Amino acid sequence: MSIILNWCKGEGLDPEHVIEVANIPEDAELEDIENTIATIKVLGRVKVRMKVFEPATGHFTAYCECRQRVNRHYSI
């Protein structure tokens, strides 16, 4: 099972409503992340549930819950 699926199970989240957003600058606020992702209207309201620093890239990765089901057939 992937890390994101394990995390979803532990948090009681439906993985079909969760996206991973990588390469977020260190100074980005949670509200900025949510507002930026919200511009993708098909996802509906978006809430950052976890933000993790990735030492290899020097950026953050956010795990976000979306109101709408995520279509895994497209990449953004």
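The values are calculated or read from the model by the stated rules, or taken from the named source; none is laboratory data. All figures in this text were calculated on a predicted structure; none of them were measured in a lab. Positions of Cβ are generated from backbone atoms using ideal geometry, with glycine treated the same way; all protein chains shown enter the neighbour counts. Note: accessible area is taken over every heavy atom of the protein model, side chains too, but ligands, DNA and RNA are not part of it. Shrake-Rupley method; radii C 1.70, N 1.55, O 1.52, S 1.80 Å.
Kindly indicate whether any position in the range 1-10 is part of a strand (DSSP E or B) and touching a Lys or Arg at 6+ places or on another chain (Cβ under 9 Å). Outline the logic, then answer.
Going residue by residue through the range 1-10, those that are part of a strand (DSSP E or B) are none.
No, every residue in the range 1-10 fails to be part of a strand (DSSP E or B) and touching a Lys or Arg at 6+ places or on another chain (Cβ under 9 Å).
Taking the range 51-65 as the search range and keeping residues that are more than 8 Å from the chain's Cα centre (by Cα) and hydrophobic (A, V, I, L, M, F, W, C), which one is nearest to N35 (Cα to Cα)? It would help to see each step written out before you state the result.
First, the residues of the range 51-65 that are more than 8 Å from the chain's Cα centre (by Cα): 51-60.
Next, from what is left, pick out any that are hydrophobic (A, V, I, L, M, F, W, C): 52-53, 56, 60.
Working: V52: 18, F53: 20, A56: 26, F60: 16 Å.
Checked the range 51-65; the qualifying residue nearest to N35 (Cα to Cα) is F60.
Results for (1) of a type in the set (D, E); (2) open to solvent by less than 50 Å² (accessible area, probe 1.4 Å); (3) modelled with pLDDT under 95, shown as yes or no for each residue.
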position: S2; (1), (2), (3): no, no, yes
position: E11; (1), (2), (3): yes, no, yes
position: V21; (1), (2), (3): no, yes, yes
position: D27; (1), (2), (3): yes, no, yes
position: G58; (1), (2), (3): no, yes, yes
position: A62; (1), (2), (3): no, yes, yes
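Kindly evaluate K41 against the criterion of being out of contact with any strand residue (DSSP E or B) (no Cβ under 9 Å at 6 or more places or on another chain) and surrounded by 11 or more Cβ atoms within 10 Å (Cβ to Cβ).
Working: out of contact with any strand residue (DSSP E or B) (no Cβ under 9 Å at 6 or more places or on another chain): yes; surrounded by 11 or more Cβ atoms within 10 Å (Cβ to Cβ): no.
Against the criterion (out of contact with any strand residue (DSSP E or B) (no Cβ under 9 Å at 6 or more places or on another chain) and surrounded by 11 or more Cβ atoms within 10 Å (Cβ to Cβ)), K41 does not qualify.
Looking at the range 10-32, I want the residues that are of a type in the set (G, A, S) and have a partner that is part of a loop (DSSP other than H, G, I, E, B) with Cβ atoms under 8 Å, at least 6 apart or on another chain. Which pairs are those?
A22/T57
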